[in-house]
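Read through the structure below, which is laid out as structure tokens, and then see the notes.
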Amino acid sequence: MIKKGVSLLVSAIIATSALASSTPDKATKELMQSAGERSTKSIQEQEIAKVIQEALRAYQDTQQVVFLLAHGKTREAKQKIEEIKNKLQKLQKQYKDKLDRLPISVVIAQIEGVDDIKLAKKLLQQAKKACEKNDIPAARDLLEALRNEIQIQTSYLPLEVYTKAIELAEQLLGKKDIENALNALNVAIGSIEIEEVIIPKPLAEAIMLIEDAKKRFENNPISAKQLLEEAKRKIRLAQALGYIKTEKEIKPLIEEIDKLEEKVEKETAKKVLFESLEKKVKEMQRKSTTTKEK
């Protein structure tokens with residue numbers, strides 16, 4: 001006959017084994033599979049919210065003025081350019097000492113690269129060997145396969161430069177100098193700056209998976225642990241793909257996830273632990289994100 005204490009121990013071992021080895025249920029699988037799409041959508045919503053609509057309309061209206069002048073509609077063009085100038089002066093007051101260029105559009109794209117850590121490491125070694133042999137085309141193709149990222153292209157209106165170009169165009173129109181007014185308008189349109197930000201997609205996915213685990217750890221610890229395991233895999237994948245330089249950099253995060261998984265198993269996890277982990281992964285994502293002007 002098994003004593004009560006032994007029986008409880010056996011039950012605990014069985015429960016722990018279930019947490020460690022069970023396959024994800026349908027809902028957990030769906031969360032894992034959709035993490036990439038959901039993380040991209042979340043980033044897209046954040047970036048689109050930054051677009052300043054008044055600045056965008058000023059830019060669109062400038063294009064309309066060019067169209068009007070090209071079709072000989074000078075009076076309408078003068079009215080529209082005055083509206084643009086007023087909008088820009090309002091924006092200058094509103095964003096003085098805050099922003100010197102205003103986001104007017106955002107384009108987000110996903111690049112779906114390798115999602116397998118072993119394959120990523122293999123391709124990286126092959127790329128290094130190709131470089132050693134000076135086979136740059138082969139190395140380039142191999143490295144292209146290692147891209148797994150979210151690209152954000154943001155167009156910015158440089159407020160001071162744009163405003164001065166519009167004011168000059170208005171003065172030239174007043175002098176009936178259509179040709180140079182058009183030149184000034186084209187200078188304004190051509191002053192738009194494009195910035196490209198590249199976010200490692202596996203890290204964005206890891207953040208989403210940690211959020212999912214945070215929502216489920218109390219009612220479904222098995223699912224929460226599986227989601228944390230997948231988040232851990234994504235962090236390792238980001239390192240294997242080269243977005244993080246060394247395994248040493250991710251070691252503290254991996255250890256923290258391991259400890260959190262233990263707490264989930266023992267039902268001693270707290271929401272604040274997930275939030276702390278999420279914050280640290282976001283910081284790693286920030287450090288791994290690259291920005292360049294196009």
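When peptides 160-171, 220-231 are ranked by their average number of other Cβ atoms within 10 Å per residue, the highest-first order is 220-231, 160-171.
Hey, got the dipole for the range 155-196? About the Cα centre, +1 on K and R Cβ, -1 on D and E Cβ, debye to the nearest 20? It would help to have the intermediate numbers written out before the result.
Details: 3 positive and 8 negative charges, 60 e Å.
Dipole magnitude for the range 155-196 comes out near 300 debye.
Think of the range 201-293 as a dipole: +1 on every Lys or Arg Cβ, -1 on every Asp or Glu Cβ, centred on the Cα centre; then among THR291, LEU237, VAL264, THR291 lies furthest on the positive end. Net length available on complete extension from GLU179 to SER191 is 2.5 nm, with 0.36 nm assigned per residue and the Cα-Cα distance removed. Between the range 222-294 and the range 112-130, what is the C-alpha centre distance in whole Å? So the two Cα centres are separated by 21 Å.
When the GluC sites (Glu not before Pro) in the range 63-116 are filtered for DSSP coil states and for at most 15 other beta-carbon atoms within 10 Å of their beta-carbon, the remaining sites are GLU112. Taking the Cα centre of the chain as origin and assigning +1 to Lys and Arg Cβ atoms and -1 to Asp and Glu Cβ atoms, the resulting dipole is close to 520 debye. Once the Cα atoms are used to define both axes, helix 201-216 deviates from the longest principal axis of the chain by about 60 degrees.
Let me spell out the model: positive unit charges on the Cβ of Lys and Arg, negative unit charges on the Cβ of Asp and Glu, origin at the Cα centre of the range 201-293. What dipole size does that give, in debye rounded to 20?
With only Lys, Arg, Asp and Glu charged at Cβ, the dipole is about 280 debye.
Using only Cα atoms, find the angle between the long axis of helix 136-145 and the longest principal axis of the chain, and express it within 0 to 90 degrees, rounded to the nearest 10. Computed tilt is about 70 degrees. Which loop-located trypsin sites (Lys or Arg not before Pro) does the range 77-153 contain, where loop means any DSSP state but H, G, I, E or B and the Cβ has at most 13 other Cβ atoms within 10 Å? Sites meeting the loop and neighbour criteria: LYS96, LYS98, LYS133. One decimal place: the segment LYS259-GLU54 gains 68.9 nm when fully extended, by the rule 0.36 nm per residue minus the C-alpha distance. Note on GLU83 and ASN219: their simple-model spin labels are 5.1 nm apart, each label 7 Å out from Cα toward Cβ. Among residues other than VAL281 with Cβ under 14 Å from its Cβ, the summed charge is +2 (Lys and Arg +1, Asp and Glu -1).
The share of C-alpha pairs in the chain whose separation exceeds 26 Å stands at 60 percent.
Rule-based calculations on the coordinates, nothing more; no lab input. From a predicted model like this one, the values you see are computed outputs, not experimental measurements. All Cβ positions, even for glycine, are placed from backbone atoms using ideal geometry, and neighbour counts span all protein chains on display.
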